[in-house]
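The values are calculated or read from the model by the stated rules, or taken from the named source; none is laboratory data. Because the structure is a prediction, the values reported are computed rather than measured. Glycine also receives a Cβ, built like all others from the backbone with ideal geometry; neighbour counts cover every protein chain displayed. Remember, those area values only see protein heavy atoms, side chains included, never the ligands or the DNA or RNA. Shrake-Rupley method; radii C 1.70, N 1.55, O 1.52, S 1.80 Å.
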Amino acid sequence: MKKALLALIVVLAVALLLPADVYIKTNVRTDAFEMMGQKQPAKDEVTEQWVNNSQLFNKQGERVTILDMNKNVMYIVNLKEKNYVEAPLPLDMAKLLPPEAAQMAAMMKVTVKVTPNGQSKKIGQWNCSGYDVDMNMMMMKMKMAIWASTDVPFDWKLFSKMYTNVSKMQFMDDASIAEFAKIKGFQIGSEMSMDMMGSKMKVVSQVVEISQKPAPAGLYSVPAGFTKEKTLSMKDMQGR
C-alpha cells in the first residue's frame, strides 16, 4: 500500500514538473499603403502561437506554420485552400518554391544589422530591452524597433532556436539569422517601416497575452482532409 502511494506521489510530482503549452497572442496593425498603383486599406490581424519544448504552432491570417522537432518536420498549411506542404528539417526553402518563384529567390539577398540601443521600457507586464534593426532585400529597405523581454514563462532561447526554421522561410541566410540572435529575449513589441520603390508601409505589433494552458487536441498536426502539395503556390507565397 505504501509503495503504491509513493508511486502515485512520484507520478503526480512529475506531472506537475512537466511544462504546459504556452499560448501567445499578438495584435498586428498594418497601416494603409499604396504599392504599384494598388491601394491597400489598413488592416488589423491577430497572430496566435503555441509552443512547448519540441513543437511550435504559428497562425497569421489563413497561413499556419507547424514545427515538430520530434519528427524533424515543418508543415506550411493554407487554411483557405485546405492544402499543405511538408518539409524535413533543417529547412531547405528552395525545394518548396513554385518554379516561377525559384529564379527570383535565387537572386534574393537579405542583409540584416541588429544593434542594441540601450533603452528599456515596460510593455504590458513585461520589462523589455530595445533593439534597432536594419534590413535590406533587393529594392526593399526595412527599419524596425524591437522590444524583447527575458521575463517570459517559457524558454525563450529554445523558442528562438525553433523559430530559426521559420526565419529561413523569409529567405534569410545564416548571417542574417545570426544577427537576429543578438536579440536577447522574446519579442514583445515592434514597429516596422518599409520603403519599396518609393512605397511606404508601417506595421506595428504587440503581444497582449502569454499564458500557460493545455493546447487544443491535434493542434500540432495538419487538419484532416487537407491535400498535400509538392511545392507552395504563388498564392501561398503572397499570403492569399
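Pairing residues of segment 205-216 that are of a type in the set (A, V, I, L, M) with residues that are open to solvent by 60 Å² or more (accessible area, probe 1.4 Å) and part of a strand (DSSP E or B), at Cβ distances under 9 Å and at least 6 apart in sequence or on separate chains, gives V207/K25; V207/N27; V207/Q187; V208/K25; V208/N27; V208/V46; I210/K25. Taking segment 162-236 as the region of interest, the strands (runs of 3 or more DSSP E) fully inside it that hold 1 or more residues being surrounded by 14 or more Cβ atoms within 10 Å (Cβ to Cβ) and in contact with a Gly (Cβ under 6 Å, 6 or more places away or on another chain) are 199-212. Among the residues of segment 133-142, the ones that are over 20 Å from M197 (Cβ atoms) and part of a loop (DSSP other than H, G, I, E, B) come to 0 in all. In the set (1) crowded, with 17+ Cβ neighbours inside 10 Å; (2) within 24 Å of P90 (Cα to Cα), D155 fails one condition alone, (1). Looking only at segment 210-229, residues that are farther than 23 Å from K80 by Cβ and of a type outside the set (A, V, I, L, M, F, W, C) come to 4 in all. Counted as qualifying within segment 22-132 are the strands (runs of 3 or more DSSP E) with 1 or more residues that are open to solvent by 60 Å² or more (accessible area, probe 1.4 Å) and closer than 25 Å to A148 by Cβ, namely 22-30, 43-51, 55-60, 63-68, 110-123. Here is the figure for segment 150-206: residues that are closer than 23 Å to S54 by Cβ and of a type in the set (S, T, Y) total 5. Could you tell me whether M138 is more than 20 Å from Q49 (Cα to Cα) and modelled with pLDDT of 95 or more? No.
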